[in-house]
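Shown next, in structure tokens, is the structure this report addresses.
FYI, it's all coordinate maths here, none of it is from the lab. Quick caveat, the model's predicted, so the values are computed rather than measured. Neighbour counts run over all protein chains shown; Cβ positions are idealised from the backbone, glycine included.
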Ligand code: ADP
Ligand code: MG
């Protein structure tokens, strides 16, 4: 091409634009599942069952017992920017639900074959609809694109099949189903521990025994024991502190000085959303260095609650990166709380061994 001639500018197809946007939100099956789990929790579910084929690349399915979706909403539920959670821009700052931008289901429907079966408690039957690129697919060619009545329990089942079927480069990059399944399990494990009172299961299709199974009556420590094992569950210190000045509430379970592992396990939730924070991670590691043998690490589950107005959840479409006000002071406060707890525990242990 002659680079001295200005090329013409063309508008991208809407489907292409949406597929690009979807790829920014969903990089791999575990990202899609996280969105679906958060939707189920937003819907007030107490039972969330996940079924997986080929690391979620062939099938990612989630069944919940939440409030369901009204049949009249099924036509637009997979369109971009349709949500029951956010109404005005100002609502963004006070959102307590996980979702808020109405992009998750739309994204999945642009890169997978999505089927939703849902029943609200005041409906006589369930309704089922399959989606492609945000819209319901007619059940027969030329037929009406509308949900079909069917049998079903209260709640919602969402299936995403053939993830990235239309994004060949992404599909090629995700060859290892075992690795993808492990990431999926990690997401389920984290949410299972953070949501006492909600039963989670995760299984591979065709397997009789689930790989995770928590019950509604299990405590947080029961769930930690079930998922991460007794070695850590037996060595936990509880943490619970409130700081009205920020305001900030810290809750969690952290391993004591008797426990150490090769790899730092950190489950971090900010306002009930599973997030990563390299800054918090690094600071906590530093606190533990005086307590643990060299090159070993703690196990930490932390739930931070802050005024939603102080948390900027809108920095990134995946909502994984969260920034908040007074970040440095807040991190220092968290470290102090952990330091105090570890110190107390250590003192009482020495005292016990001395007497
Ligand atoms: P958001 O969660 O940001 O609102 P989503 O695309 O994730 O956007 O979901 C769109 C809408 O679909 C939600 O606002 C909610 O009303 C409905 N929805 C999605 N999943 C479920 C579910 N499991 N149970 C009930 N309603 C759901
Ligand atoms: Mg959502």
Quiz prompt | Label point at residue 165 placed 7 Å out along Cα→Cβ; residues across the stretch 33-73 whose backbone nitrogen lies under 11 Å | solution = 58-59
Practice problem: Before rounding to the nearest 500, sum -39500 (n - 2.57) across all DSSP H runs of length at least 4 in the chain and divide by the residue total; then give [θ] at 222 nm in deg cm²/dmol. | Solution: -9500 deg cm²/dmol
Self-check item: Cα centroid separation - the stretch 205-227 against the stretch 249-274, whole Å
Solution: 19 Å
Self-check item: Residues 251, 172 arranged by fewest to most Cβ contacts within 10 Å
Solution: 172, 251
Quiz item: Can you give the relative contact order of the stretch 154-298 as a percent, counting alpha carbon pairs under 8 Å and 6+ residues apart?
Solution: 14 percent
Quiz item: How far apart, in nm, are two points set 7 Å out from the Cα along the Cα-to-Cβ line at residue 182 and at residue 230?
Solution: 2.6 nm
Quiz item: Where does each of 214, 4, 169 land when they are ranked from fewest to most other beta-carbon atoms within 10 angstrom?
Solution: 4, 169, 214
Practice problem: Just need the relative contact order of the stretch 123-198 here, percent rounded to a whole number, with Cα pairs under 8 Å and 6+ apart. | Solution: 20 percent
Quiz prompt | Estimated FRET transfer efficiency (residue 264, residue 4; beta-carbon r; R0 41 Å; 0.05) | solution = 0.15
Exercise. Apply 1/(1 + (r/R0)^6) to the Cβ-Cβ distance of residue 12 and residue 150, taking R0 = 35 Å, and write down the FRET efficiency to the nearest 0.05.
Key: 0.40
Practice problem: Decide, for the stretch 229-354, between rounded, prolate and oblate: order the square roots of the alpha carbon gyration tensor eigenvalues as a ≥ b ≥ c, take rounded if a/c falls under 1.5, and otherwise choose prolate if a/b is larger than b/c, else oblate. | Solution: prolate
Practice problem: Indicate the gyration tensor shape class of the stretch 93-197 (rounded, prolate or oblate), computed on the Cα atoms with a ≥ b ≥ c the square roots of the eigenvalues: a/c under 1.5 is rounded; otherwise a/b larger than b/c is prolate and the rest oblate. | Solution: oblate
Quiz item: Hey, rough spin-label estimate for residue 323 and residue 242, points 7 angstrom out along Cα→Cβ, what's it come to in nanometres?
Solution: 3.0 nm
Practice problem: Would you mind calculating the relative contact order of the chain from Cα pairs under 8 angstrom and at least 6 residues apart, reporting the percent as a whole number? | Solution: 15 percent
Exercise. Please list the equivalent ellipsoid semi-axes of the chain, computed as the square roots of five times the alpha-carbon gyration tensor eigenvalues, in descending order and whole angstrom.
Key: 40, 24, 20
Exercise. For the stretch 14-213, divide the Cα radius of gyration by the Kirkwood radius and give the resulting Rg/Rh value with two decimals.
Key: 0.95
Quiz prompt | Cα gyration tensor shape for the stretch 173-223, rounded if a/c is under 1.5, else prolate or oblate | solution = oblate
